[in-house]
């Protein structure tokens, strides 16, 4: 189980984000991770929600979410937005591009 990024958040905040930014059921029997929920919110949030995420989570937790995100969780445009914003706010290093899934097809 992942270390929670959400400790110290007001009760129900992650649940609220999950209801707002996920319209499909989780795959399998496990609930979505905190990181997955936060990454989805970061990818889909409008500017008002961006400010709310910053206020509720703080910049360092948002950086940690980016660093823990799996391929496809944060789209390229959102990655670039958050990367610039969070690097400026924290001085921390964040990779240039979001993680991507690579499929290698061998020759027959």
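List of remarks:
- For region 67-92, the tally of residues that are over 22 Å from residue 33 (Cβ atoms), touching a helix residue (DSSP H, G or I) at 6+ places or on another chain (Cβ under 7 Å) and part of a loop (DSSP other than H, G, I, E, B) stands at 0.
- Selected residue (only one of 63, 50 is in a helix (DSSP H, G or I), touching a helix residue (DSSP H, G or I) at 6+ places or on another chain (Cβ under 9 Å) and surrounded by fewer than 18 Cβ atoms within 10 Å (Cβ to Cβ)): 50
- Members of region 73-84 that are without any contact (Cβ under 8 Å) to a residue 24 or more places away in the chain and surrounded by fewer than 17 Cβ atoms within 10 Å (Cβ to Cβ): 76, 77, 80, 84
- Residue in region 93-103 that is loosely packed, with under 15 Cβ neighbours inside 10 Å, part of a helix (DSSP H, G or I) and out of contact with any strand residue (DSSP E or B) (no Cβ under 6 Å at 6 or more places or on another chain) present: no
- Residue check for residue 56: touching a helix residue (DSSP H, G or I) at 6+ places or on another chain (Cβ under 7 Å) and touching a residue at least 40 places away in the same chain (Cβ under 8 Å): yes
Where a number appears in this text, it was derived from the coordinates with a stated rule and is not lab data. Treat the numbers as computed from the prediction; the structure is a model and nothing was measured. A quick note on method: Cβ atoms are made from the backbone with ideal geometry, for glycine too, and the neighbour counts reach across all protein chains shown.
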